[in-house]
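The values are calculated or read from the model by the stated rules, or taken from the named source; none is laboratory data. These numbers were taken from a predicted model, which means no experiment stands behind them. Don't worry about glycine lacking a Cβ; one is built from the backbone with ideal geometry, like all the others, and counts go over all protein chains shown. Only protein heavy atoms, including side chains, enter the accessible area calculation; ligands, DNA and RNA are left aside. Shrake-Rupley method; radii C 1.70, N 1.55, O 1.52, S 1.80 Å.
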Amino acid sequence: MMVGTIGELRRFPVKSLLGETLTGAVVQPRGLAGDRRWAVRGADGRFGSGKSTRRFRQMDGLFQLTARYDGAVPVLGFPSGVSVRGDDPAVHAALSRHIGEPVTLTAEEDVSHFDEGPLHVLTTASLRHLAALLGGPVDPRRFRANIVIDVPGVSALLEDGWLGQALHVGDEVVLRVAKRMPRCVMVNNAQQELPHDGRILRAVAAANELTFGVLAHVERAGAVRCGDPVVRRG
């Protein structure tokens with residue numbers, strides 16, 4: 001069954017920093033190539049995030065930073081307008097000044113820097129459903145999805161009905177939908193020109209038990225591009 005087409009592709013080179021919009025990407029078993037391969041690590045060994053868990057710790061200020069790749073190296077953008085490459089030894093001091101504690105930028109080693117899973121998928125149908133509850137449009141950037149599927153005209157939480165099913169994306173990639181995506185206060189956070197909005201998480205809680213979108217595993221790797229068709233199969 002044809003679901004829609006890829007409307008947006010987003011990659012986040014550094015965990016919990018703002019990322020970059022792509023026209024095409026390579027999908028690997030761990031997700032989009034380069035996605036969340038780097039992280040900010042505190043002196044306690046835990047990695048910066050929007051929430052605290054065993055491996056991750058909330059660090060204020062991460063959403064004020066951007067990251068984009070220059071080859072295999074992330075380039076970090078600071079609110080002052082200064083950019084620092086991830087392979088520049090000065091990046092650690094710049095991050096520490098911004099965060100307000102000693103931190104380092106580190107590449108992934110044995111364990112990936114994902115909270116829940118390798119690939120996050122969201123539809124415009126779900127965004128419209130949430131927008132109806134809030135009385136206005138919801139920017140998809142708040143949800144940090146890797147793939148936003150454009151589903152014209154429909155307003156519903158479509159992804160919830162895909163659990164266990166396969167999504168064939170473009171000519172090569174096959175994803176298996178694993179679970180609904182749990183949400184936290186990060187969806188409320190200000191980022192770039194988007195203001196803080198405490199209504200977002202409350203609406204997600206009311207609409208869908210604090211989940212929104214789905215997580216998927218990669219069954220067949222390959223290349224995808226914006227505009228590629230997405231077909232759902234059981």
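Identification of strands (runs of 3 or more DSSP E) wholly contained in the range 19-92 with 1 or more residues that are of a type in the set (Ser, Thr, Tyr) and surrounded by fewer than 20 Cβ atoms within 10 Å (Cβ to Cβ) yields 20-22, 66-70, 83-85. The residues of the range 121-153 that are touching a strand residue (DSSP E or B) at 6+ places or on another chain (Cβ under 6 Å) and surrounded by 20 or more Cβ atoms within 10 Å (Cβ to Cβ), listed by number, are VAL121, LEU122, THR123, THR124, PHE143, ALA145, ASN146, ILE147, VAL148, ILE149, VAL151.
Kindly provide the set of residues from the range 1-53 that are hydroxyl-bearing (Ser, Thr, Tyr) and either under 16 Å from the mean Cα position of the chain (by Cα) or within 14 Å of TYR69 (Cα to Cα) (or both), ordered by number.
SER16, THR21, THR23, SER49
Restricting attention to the range 196-234, which residues are over 22 Å from GLU20 (Cβ atoms) and either among the polar types (S, T, N, Q) or in a loop (DSSP other than H, G, I, E, B) (or both)? Correct list: HIS196, ASP197, GLY198, ASN208, GLU209, LEU210, THR211, GLY234. In summary, LEU122 fulfils each of the numbered conditions (1) over 21 Å from ALA33 (Cα atoms); (2) in contact with a helix residue (DSSP H, G or I) (Cβ under 7 Å, 6 or more places away or on another chain) with the single exception of condition (1).
Against the definition (open to solvent by less than 40 Å² (accessible area, probe 1.4 Å) and within 30 Å of THR5 (Cβ to Cβ)), how does LEU105 come out, yes or no? Considered against the rule, which asks whether it is open to solvent by less than 40 Å² (accessible area, probe 1.4 Å) and within 30 Å of THR5 (Cβ to Cβ), LEU105 comes out as no.
Within the range 135-188, the only residue that satisfies the criterion of being among the aromatic types (Phe, Trp, Tyr) and out of contact with any helix residue (DSSP H, G or I) (no Cβ under 7 Å at 6 or more places or on another chain) is TRP162. Taken together, GLU159, GLU109, GLU116, GLU101 contain a single residue that is outside any loop (DSSP other than H, G, I, E, B) and of a type outside the set (Ser, Thr, Tyr), which is GLU159. Considering only the range 134-143, I want to know if a residue exists there that is over 20 Å from the mean Cα position of the chain (by Cα) and not in a loop (DSSP other than H, G, I, E, B). Within the range 134-143, one or more residues are over 20 Å from the mean Cα position of the chain (by Cα) and not in a loop (DSSP other than H, G, I, E, B). ALA156 passes every criterion in (1) modelled with pLDDT under 95; (2) surrounded by fewer than 20 Cβ atoms within 10 Å (Cβ to Cβ) apart from (1).
Among the residues making up the range 175-234, those that are of a type in the set (D, E, K, R) and over 15 Å from LEU130 (Cβ atoms) are ARG176, LYS179, GLU193, GLU219, ARG220, ARG225, ASP228, ARG232, ARG233.
Here is a yes/no grid of residues against (1) modelled with pLDDT under 95; (2) in contact with a Pro (Cβ under 6 Å, 6 or more places away or on another chain); (3) open to solvent by 30 Å² or more (accessible area, probe 1.4 Å):
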site: ALA178; (1), (2), (3): no, no, yes
site: GLU193; (1), (2), (3): yes, no, yes
site: ALA206; (1), (2), (3): yes, no, yes
site: GLY213; (1), (2), (3): no, no, no
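Just need a number here: residues in the range 215-229 that are aliphatic (A, V, I, L, M) and open to solvent by 20 Å² or more (accessible area, probe 1.4 Å).
Of the residues in the range 215-229, 3 are aliphatic (A, V, I, L, M) and open to solvent by 20 Å² or more (accessible area, probe 1.4 Å).
The residue pairs whose first member lies in the range 31-54 and is of a type in the set (A, V, I, L, M), whose second member is assigned to a loop (DSSP other than H, G, I, E, B) and open to solvent by 60 Å² or more (accessible area, probe 1.4 Å), and whose beta carbons are closer than 7 Å, counting only pairs six or more residues apart or on different chains, are ALA43/PRO102.
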